[in-house]
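Step one of this worksheet: look at the structure below.
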Amino acid sequence: MQDQYNPRDVEQAAQAHWQARDAYRVTEDASRKKFYACSMLPYPSGKLHMGHVRNYTINDMLTRYLRMNGYNVLMPMGWDAFGLPAENAAMKNKVPPAQWTYANIAHMKGQMQAMGLAIDWSREVATCSPDYYKWNQWLFLKMLEAGIAERRTQVVNWDPVDQTVLANEQVIDGRGWRSGALVEKREIPGYYLKITKYADELLDHVQHHLPGWPERVRLMQENWIGKSEGVRFAFPHEIRDASGALIQDGRLYVFTTRADTIMGVTFCAVAPEHPLATHAAAGNPELAAFIERCKQGGTTEAELALKDKEGLPTGLTVTHPLTGQPVPVWVGNYVLMSYGDGAVMGVPAHDERDFAFAKKYALPIQQVVAVEGETYSTEAWAEWYADKQRGRCIASGVLDGLPYQAAVDKVAELLAAKGLGEKKTTWRLRDWGISRQRYWGTPIPIIHCDDCGAVPVPEQDLPVVLPEDLIPDGSGNPLNKCESFLKVDCPRCGQPARRETDTMDTFVDSSWYFMRYCDPKRDDKMVAEGAQYWMPMDQYIGGIEHAILHLLYARFWTKVMRDLGLVKVDEPFTKLLTQGMVLNHIYSRRTDKGGIEYFWPHDVENLYDDQGRITGAKLKSDGSAVTYEGVGTMSKSKNNGVDPQELIDRYGADTARLFTMFASPPEATLEWNDAGVEGAHRFLRRVWNYAQAHRDLPAKMLMPGLATEIIWHAAPAEVKKLRLEIYRLLQQATHDYERMQYNTVVSACMKMLNALESFDARTPQDADYAAWAVGEGLGILLRVLYPACPHLTHSLWSELGYAARFGDLLDAPWPLVDEAALVQDEIELVLQVNGKLRGAIKVAANADKATIEAAALAAPEFAKFGEGKPPKKIVVVPGRLVNVVV
C-alpha cells in the first residue's frame, strides 16, 4: 500500500482490474431483479464537459449502489452521432463528417473510461452506424405501411445558410439556431409521422401514468401536446379572388375556448400566410411589405408571446355569425398559420393579448362578461377580465346571465343551427416532419421513379447505406451530387430512378436507442428478447433541455413499436431525473472595437464588499479591471468551462466525481468552486492516510472466535459511541441513496471519517474493542463512499484485507444497519432554565421523568442560573430537552 495517495496509479490499477474481470458486462438473468439505469446518450462533440461528468456520475453511483444490493443492473452508453454540427465541422476542417465523428467518439470514450464508469461497453451503439440506422429505415417503412408515415407538402421554416428545414423550436428570434440566418417560409414536400394519432394517449399517460417523472416535466409535455376543448365556427363573408370564386368557400374559420365571449368580438386577425391576407396584399404594397417582414420573424408560440403584437388592417370585413354585424379583418404577426385555421377572433375586453392589440390600434373594446363586485375599465388590463369561473354574460342577448359552460353550450347550439360551427377538441401538437435536406443523417429509404412515383426500398435491400467519404462544402446536400448514391433502378418497374436525398431528423435516432441497448448485436431484429427483460427503463437521467421534444418523440416511438408488436411496454421511462446545469463565474470587458472579451476565472481576482459579495474583478496579470457578470452555464465561448480531463489529470477522477456529487443535489444547478475541488481532494487524502495508518486493524477485526454480540455488549462507552455514530450515518446514507440525494451521501461519508479520526479507545485494555470498531467503521465508510469514488475505495478495500472476507468491493454486500448499535445506554438532553439554553445533562436512555427532573435540578448550570429559587415547574420533552421554570 502506497504511503501517499497517488490518484493516477490508484485509478489505472483499479481500471485494469475491472477490465481484466470484464466486470461490467451484463446479461439477462431471470433469477435476479433487474434495474435499467441510463443516461441520455451524448453527441460526440470531441470532449466531455462537466455536465457529462455530473450526469454519468449520478448514473454510476446508482448503478454501483444497486449492484451491491443484489440487482442485475444495466448501464449502457452510445453516441447520438448524426447531425448538423458534424457537417459544419467537416466544412471547417475539410474532412468527411464520418472521420470527424469517429475520432471524437474514440476520444470521448477514452475520457469516460478514465472516469471509471461502470458502463457495459459490449452494448455500445453509434447512431451513424449502418447496423443501427438500418432499423430507423425499417421502422419508417413499417410506418408507411401502417399509415403512420406519409409524404405531403407543408409550409416549413427554411434556413437559407444551412440549407435545411428547421423545427419551430430551432428558430430563435426569427433566425436559425445554428447559422443565425433569417429564416424563410417555404412550401416543400417531405415525410411526416402522425404523432397526432397518439395525442390522446400521450396526454393521458403523462397526466396519470408517470408518477416517477418530475411534475414540471410532465406539465411541459402536457402543455406541448396542448389539448383544448372549445368551439370551431365560421365568420361568413363574400370576399372573392381574382377569378370570382369565394375565398375558402366564403367562411373564415376560427377556434376558441371562450365561445361565451363571442358577442364581444370587435375584429378578426389572420396569419400573414392566410389566403385573405394574400388576397388583401395583392393591391396593398404596405400590407405586402408587412407580411414579408412577418415571414422573417420567430415561429414559436413562446417567441411570439414575447414579441410586440403588430398588425395592419386588410380593408376586408367578415360577418359576425350571430349578430350579422361586419367585423374588420386584420393581419397579425402573432397569429400562426400552422395552428388551427390560421385565424383568431379578437375579444379585447376578455383576452389580454387582444386587449393590448386593441389599445395599440384604437380598436373597440366591448365588455360582455361581468364578475360581481368588480368594475370594468378599458384603461388597463385586470386579471379578472378573463375569469371564466366567476364570470356571467352581459350585453349578449340570449346569453345574458349565463355562466361560462352554459354560455359555451348555448353558443355551440346557436351556431350549429346555422350550420356555422360545432364543439371541437384541438391540439397544439403537430405531426412530426422528419425530412431534413442534410447529408449526415439516416437516408430516407425511398426511390423516386418517373413512372411509379415514390417507391419504398424493399426490406431485403436495407440498409440504404450513407456514403461516408463526402465532404460538405456549404452548397447544399452533397448527396445530390453523388451519382453512386443517386442512381438506382426502380424496384417496381426496373427503369432508371434516383434515391431520396433527404435524411431523417436526428430526433429519430434518439427516439429508440435505449431499446437497441437491450439487443445491440441483433442483425435480424430491431429488438428481441433483451427488450422484454430490460424495458421499461427504470431510471432515465438527462438535462431539462430535453424535457419536451426528445422525451415526447421517444414516447411516441415506443407506442408505435408496441402497436407493431415489437415491444410490450406503453411508456419507455418509469422514472426520470433531470440533473441541474453546471455553472461558473463569467468575466468580460469591452474591447476597443466594441466586441466582448471573456476571461478565464483562474486568471481573475475577485473584489468583495463588506458582506463578502463579489462587486468586481481584476486581472491577475496586470490588475486591470474586468466586469463580473455573475454565474452562468459553462461555455467555451465565455471562457468559463472546466476541462474534465485537466481535472482528472491533476486530481484524479475520484475527486472530480466527488466534487460534482457533493456540491449540490442532483436536480439543482451546481456552481463551480475551485476551493470545493481542493476540499474534495483533501478529503480523499485523509481517507487514504487514515487507512494507511490503520492498515493492520482489519486483520484484527477478522480475528476468529470473537462473537460480535458479546463484544458489543461488553464494549466500553467510547466504542459504543463510535458505533452509534457510524450506524446512524449509515442509516441516513442508505436513505439518501434510495432517494438519489448524493450530496448528503458524501456528507455522511465525511462525518464518518470525522468520527473515526476523533475516536480514542483511551486505555490499553480497550485495544481489541477499538480495533474491531475501527475496522468495522472503516469497512462501512469504504462501502458507502465506493459508488462515488470507486478507484480509491477499491484499492483500500483490497489492500486492507476486506476483499478476503467480503469479496471484490464491486460485488460486496451493502452494509446493514446493526439496530443494536443504535440503542443507547445514555442520552444527552438540552437543559433550559426559564426557556433559555443553559447547558446539557446526561441520563440513562431509559430514565423516567422523575430521574430526569432530579438530574436537571442537580446540574451545576441550574445551580448557577436558577438563582437559588425553587422550581415552579419542570417540563420534560422526551429525548430532547428539560426546561426548569423558576
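What is the stretch 582-662's relative contact order, in percent, from Cα pairs under 8 angstrom and six or more apart in sequence?
With pairs under 8 Å counted, the relative contact order is 30 percent.
By DSSP, what percent of the beta bridges with both residues in the chain are antiparallel, rounded to the nearest 5?
80
Counting only residues 5 or more places away or on other chains, whose amide H sits under 5 Å from the amide H of residue 252 once H atoms are built in the peptide plane?
235, 237
Let me see the pair-distance distribution of the stretch 218-274: every alpha carbon pair, 10 Å bin width, integer percents in order.
All Cα pairs considered, the percentages come to 17, 38, 29, 13, 3, 0.
Just to check I understand the Karplus step: with θ = phi - 60° and J = 6.51 cos²θ - 1.76 cosθ + 1.60, what whole-Hz values come out for the stretch 486-503, glycine and proline as x?
In residue order, the calculated couplings are 5, 7, 7, 7, 5, x, 9, 10, x, 7, x, 9, 9, 6, 5, 9, 5, 10 Hz.
Which value, in debye to the nearest 20, describes the size of the charge dipole of the chain about its Cα centre when Lys and Arg Cβ atoms bear +1, Asp and Glu Cβ atoms bear -1, and nothing else is charged?
Magnitude of the dipole: close to 760 debye.
Measure up 109/636; 185/424; 593/638; 142/525; 194/410; 849/869 against 24 Å on the Cα-Cα distance and list the ones that go over.
Beyond 24 Å between Cα atoms: 185/424; 194/410.
Explain nothing, just the number: relative contact order of the chain, from Cα pairs under 8 Å at least 6 residues apart, as a whole percent.
After rounding, I find 13 percent.
Sequence neighbours fewer than 8 away in the same chain don't count; with that in mind, list the aspartates and glutamates whose C-alpha is under 15 Å from residue 388.
229, 260, 351, 352, 372, 374, 400, 409
Using Cα-Cα distances under 8 Å and only pairs 6 or more residues apart, what relative contact order does the stretch 611-736 have, in percent?
10
So which lysines pass the test for residue 575, namely a Cα distance under 17 Å, with those fewer than 8 places away in the same chain ruled out?
Leaving aside lysines fewer than 8 places away in the same chain, those within reach of residue 575 are 33, 34.
Across the stretch 362-368, in residue order, what do the Karplus-derived ³J(HN,Hα) couplings come to in whole Hz, using 6.51 cos²θ - 1.76 cosθ + 1.60 with θ = phi - 60° and x for Gly and Pro?
Rounded to whole hertz, the list is 6, 8, x, 10, 10, 6, 9.
Residue 14: net charge of surrounding residues, Cβ under 15 Å, Lys/Arg +1, Asp/Glu -1, itself excluded?
-4
Quick one: 3J(HN,Hα) in Hz for the stretch 376-392, Karplus 6.51/-1.76/1.60 with θ = phi - 60°, rounded, Gly and Pro as x.
Per-residue couplings from phi come out as 7, 9, 7, 6, 8, 6, 10, 4, 5, 4, 9, 6, 9, 7, 9, x, 10 Hz.
For the chain, what does -39500 (n - 2.57) per DSSP helix run (n ≥ 4), summed and divided by total residues, give at 222 nm, in deg cm²/dmol to the nearest 500?
Result for the chain, helices only: -11000 deg cm²/dmol.
Of all alpha-carbon pairs in the stretch 227-426, indicate the percentage at a distance above 26 angstrom.
Cα-Cα pairs of the stretch 227-426 separated by over 26 Å account for 32 percent.
Between (1) 145, 92, 56; (2) 110, 65, 54; (3) 111, 80, 65, which matches Cα extents along the principal axes in Å calculated for the structure shown?
Calculated Cα extents along the principal axes in Å: the matching label is (3).
In the stretch 582-662, if the dipole is taken from +1 on Lys/Arg beta carbons and -1 on Asp/Glu beta carbons about the Cα centre, which of 599, 651, 619 is farthest to the positive end?
Among 599, 651, 619, the one farthest towards the positive end of the dipole of the stretch 582-662 is 599.
With 20 Å as the cut-off, how large is the P(r) tail for the stretch 673-822, expressed as percent of Cα-Cα pairs?
Value for the stretch 673-822: 47 percent of Cα pairs lie more than 20 Å apart.
Taking amide H positions as placed 1.01 Å from N in the peptide plane, with prolines and chain starts having none, which residues 5 or more places from residue 128, or on another chain, fall under 5 Å of its amide H?
81, 82
Read-outs throughout are calculated quantities, based only on the coordinates presented, and are distinct from any laboratory measurement. For clarity, every value in this text was computed on a predicted model and none was experimentally measured. Note that each Cβ is placed from the backbone with ideal geometry, even for glycine, and that neighbours are counted across all protein chains shown.
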